[in-house]
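K.L.:
Here it is, the structure in full.
The values are calculated or read from the model by the stated rules, or taken from the named source; none is laboratory data. Small disclaimer: the values here were computed from a predicted structure and weren't measured. Using ideal geometry, Cβ is built from the backbone for each residue, glycine included, and neighbour counts are taken over all protein chains shown. Please note that ligands, DNA and RNA were not included when accessible areas were found on the heavy atoms of the full protein model with its side chains. Shrake-Rupley method; radii C 1.70, N 1.55, O 1.52, S 1.80 Å.
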Amino acid sequence: MSTGVRRRMGVEERRQQLIGVALDLFSRRSPDDVSIDEIATAAGISRPLVYHYFPGKLSLYEAALQRASEDLASRFAEPHEGPLGARLLRVMGRYFDFVDDHGPGFSALMRGGPAVGSSTTNALIDSVRQAAYDQILSHLGVREASARLELVVRSWISLAESTALIWLDGRRVPRAELERQLVHDFAALAAVSAAYDPDMAALLRTMVKDEPADGPFAELVGRLLSLAP
């Protein structure tokens with residue numbers, strides 16, 4: 001039988017609980033619109049106790065952002081098995097899962113929020129982008145990217161971010177279509193670069209040599225051919 005006595009949390013356990021509560025609230029509404037009082041109420045503690053663990057909302061937001069950035073960065077991890085197009089499609093699925101679950105927080109981070117512009121926030125955003133960049137190079141079997149390849153990969157990562165932000169504003173395009181379109185965008189960026197550089201052309205041939213006829217890269221070719229007169 002329950003005694004009704006609430007178990008006392010340790011310092012780190014309470015900090016992690018507050019981060020989780022704040023992340024949940026920031027995921028549903030812009031961090032600017034979430035108060036310390038709301039966080040305290042959701043955590044079942046008093047407002048002064050929140051300040052005992054965090055100096056203010058900014059520090060709590062940055063801690064929540066740290067957890068979110070680690071989660072988002074992990075979405076780009078994918079086993080090196082099967083065709084590249086299918087791997088990228090799975091990555092985009094997990095990426096949009098995160099965007100879907102953390103829409104207001106993701107939007108606030110990229111467009112402006114209580115911690116945007118701080119060195120901590122900028123470092124966390126950069127860490128996510130770098131993790132994505134490193135994962136893509138790994139899937140391409142490249143240790144050190146050429147200038148053109150770096151341009152392709154980093155441009156594509158920026159495109160994924162901006163696409164997600166536009167999608168969040170009303171979700172007017174089916175999510176599954178955007179995920180597939182972004183995979184096509186990666187192939188298209190690589191193909192355009194290959195037209196200017198023999199090394200990129202060789203890499204493009206490696207990218208597509210094991211792609212199945214029903215894979216996303218082959219689908220892109222078919223769609224483009226259908227547009228020809």
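K.L.:
Determine the dipole magnitude for segment 125-229: charges of +1 sit on the beta-carbon of Lys and Arg, -1 on that of Asp and Glu, nothing else is charged, the reference point is the Cα centre, and the result goes in debye to the nearest 20.
P.N.:
Here segment 125-229 has a charge dipole of around 180 debye.
K.L.:
Same structure again: For the chain, which longest stretch is free of loop sites, where a loop site is one of the trypsin sites (Lys or Arg not before Pro) that DSSP puts outside H, G, I, E and B and that has at most 14 other Cβ atoms within 10 Å?
P.N.:
On the way: sites that count: ARG6, ARG7, ARG8, ARG29, ARG143, ARG171, ARG172, LYS209.
With trypsin sites (Lys or Arg not before Pro) excluded where exposed in loops, the chain gives 30-142 as its longest stretch.
K.L.:
Moving to a separate point now. Go ahead and run the numbers for FRET between ALA213 and LEU137, Cβ-Cβ distance against an R0 of 25 Å, rounding to 0.05. If you can, show how the numbers build up before the last one.
P.N.:
Numbers: r = 27 Å, r/R0 = 1.07.
Calculated value: 0.40.
K.L.:
Moving on. Provide the gained length on full extension for the span ARG154 to MET9, in nm with one decimal, where the gain is 0.36 nm per separating residue minus the Cα-Cα distance. Working shown, then result.
P.N.:
Details: separation 145, 0.36 × 145 = 52.20 nm, distance 4.29 nm.
Extra length available between ARG154 and MET9 comes to 47.9 nm.
K.L.:
Using the Cα centre of the chain as origin and beta-carbon charges of +1 (Lys, Arg) and -1 (Asp, Glu), tell me which of LEU151, SER119, GLY56 is placed farthest towards the positive end of the dipole.
P.N.:
Of LEU151, SER119, GLY56, it is GLY56.
K.L.:
Another one. With the other protein chains left in place, how much accessible area per residue, in square angstrom, belongs to the chain at a 1.4 angstrom probe? List each step's numbers first, then the result.
P.N.:
Details: 12340 Å² over 229 residues.
For the chain, the per-residue accessible area is 54 Å².
K.L.:
Go through ILE45, ILE19, LEU84 and say which Cα lies farthest out towards the positive end of the charge dipole of segment 1-93; charges sit on Cβ, +1 for Lys and Arg, -1 for Asp and Glu.
P.N.:
About the Cα centre, the residue reaching furthest to the positive side is ILE45.
K.L.:
With each pseudo-label sitting 7 Å past Cα toward Cβ, what's the SER46-GLU70 distance in nm, one decimal?
P.N.:
About 3.1 nm, to one decimal.
K.L.:
Let me ask you something else. Just to be sure I understand the model, the point goes 7 Å from the Cα along the line to the Cβ. What's the resulting MET110 to VAL192 distance in nm?
P.N.:
If labels sit at MET110 and VAL192, their model points lie 1.9 nm apart.
K.L.:
Please label the shape of segment 42-99 as rounded, prolate or oblate, based on the square roots a ≥ b ≥ c of the eigenvalues of the alpha-carbon gyration tensor (a/c under 1.5 means rounded; beyond that, a/b larger than b/c means prolate, else oblate).
P.N.:
Working: a/c = 4.74, a/b = 3.79, b/c = 1.25.
Prolate shape, in that a/c is at least 1.5 and a/b is the bigger ratio.
K.L.:
Report relative contact order for segment 36-168 in percent, whole number only (criteria: Cα-Cα under 8 Å, sequence separation at least 6).
P.N.:
On the way: 74 pairs, mean separation 33.0, N = 133.
Relative contact order of segment 36-168: 25 percent.
K.L.:
Taking a ≥ b ≥ c as the square roots of the eigenvalues of the Cα gyration tensor of segment 132-194, is the shape rounded (a/c under 1.5), prolate (a/b larger than b/c) or oblate? Could the numbers behind the result be given before it?
P.N.:
Details: a/c = 2.44, a/b = 2.16, b/c = 1.13.
Here segment 132-194 falls in the prolate category.
K.L.:
Among ALA63, ALA187, ALA176, which one moves the most in a GNM of the chain with springs linking Cα atoms closer than 10 Å?
P.N.:
ALA176
K.L.:
Along each principal axis of its Cα atoms, how long is the chain end to end? Whole angstroms, biggest number first, please.
P.N.:
The Cα atoms of the chain stretch 72, 38, 34 Å along the principal axes, largest first.
K.L.:
I would also like to ask the following. With contacts defined as alpha carbon pairs under 8 Å and 6 or more residues apart, what's the relative contact order of the chain in percent? It would help to have the intermediate numbers written out before the result.
P.N.:
Working: 196 pairs, mean separation 46.9, N = 229.
Over the chain, the number comes to 20 percent.
K.L.:
Rounded, prolate or oblate: which one fits segment 120-229, using the alpha carbon gyration tensor with axes a ≥ b ≥ c (rounded when a/c is under 1.5, else prolate when a/b beats b/c, else oblate)?
P.N.:
Numbers: a/c = 2.06, a/b = 1.11, b/c = 1.86.
Oblate, because a/c is 1.5 or more while a/b does not exceed b/c.
K.L.:
Counting only protein heavy atoms and using a 1.4 Å probe, what share of the accessible area of the chain belongs to carbon plus sulfur, as a whole percent? Write out the running numbers ahead of the final one.
P.N.:
Numbers: 6740 of 12340 Å².
Answer for the chain: carbon and sulfur cover 55 percent of the accessible area.
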